[in-house]
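Trainee: My questions will all concern the structure given below.
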Amino acid sequence: MTLSSMLIGCAVMFGVTYLCKAVGLLLVKKQIRNTFVQSFLYYLPYSVLAVMVFPSILFSTSFLWSGIAGTVVALVLAFFRRGLLVVSVCSILTVFLVELCVHLFF
């Protein structure tokens with residue numbers, strides 16, 4: 001991944017996040033009471049970020065299976081509400097071990 005592609009990705013994430021917040025502030029003058037609209041506006045930046053990051057998670061490793069294993073470990077630990085540091089370190093360690101096993105045995 002090059003610096004220019006990272007900067008473009010950051011700019012897109014900033015734009016989407018800012019646009020979601022700004023549209024809500026500019027178009028709606030009173031407080032939004034609909035819980036569906038509130039939750040939609042709250043989770044939209046997170047879902048856009050996840051969609052942008054997910055392909056890089058799978059294809060940034062040498063083998064697709066190590067990316068899948070790291071993603072599964074991260075999702076399981078996040079489901080059980082482990083901290084960000086624990087999730088990151090365990091998923092990185094999983095990717096490393098799967099890559100090591102693939103290189104040793106195949």
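Trainee: What tally of residues in segment 9-28 results from selecting those that are over 18 Å from the mean Cα position of the chain (by Cα) and either in a loop (DSSP other than H, G, I, E, B) or closer than 30 Å to residue 94 by Cα (or both)?
Mentor: Going through segment 9-28 one residue at a time, the tally reaches 1.
Trainee: For the structure I just gave you, tell me whether residue 98 is touching a Gly at 6+ places or on another chain (Cβ under 8 Å), in contact (Cβ under 8 Å) with a residue 12 or more places away in the chain and more than 24 Å from residue 6 (Cα to Cα).
Mentor: yes
Trainee: If we keep just the residues of segment 48-61 that are under 8 Å from the mean Cα position of the chain (by Cα) and free of Cβ contacts under 8 Å to residues at least 24 places away in the same chain, which is farthest from residue 16 (Cα to Cα)?
Mentor: 54
Trainee: Which one of 30, 21 is out of contact with any Gly (no Cβ under 8 Å at 6 or more places or on another chain), charged (D, E, K, R) and surrounded by fewer than 12 Cβ atoms within 10 Å (Cβ to Cβ)?
Mentor: 30
Trainee: So which of 63, 106, 40, 54 is modelled with pLDDT of 90 or more and either on the phi < 0 side of the Ramachandran plot or out of contact with any Phe, Trp or Tyr (no Cβ under 6 Å at 6 or more places or on another chain) (or both)?
Mentor: Matching residue, one of 63, 106, 40, 54: 63.
The values are calculated or read from the model by the stated rules, or taken from the named source; none is laboratory data. Worth saying up front: this structure is predicted, and the values here are computed from it rather than measured. Ideal geometry is used to build each Cβ from the backbone, glycine not excepted, and the neighbour counts take in all protein chains shown.
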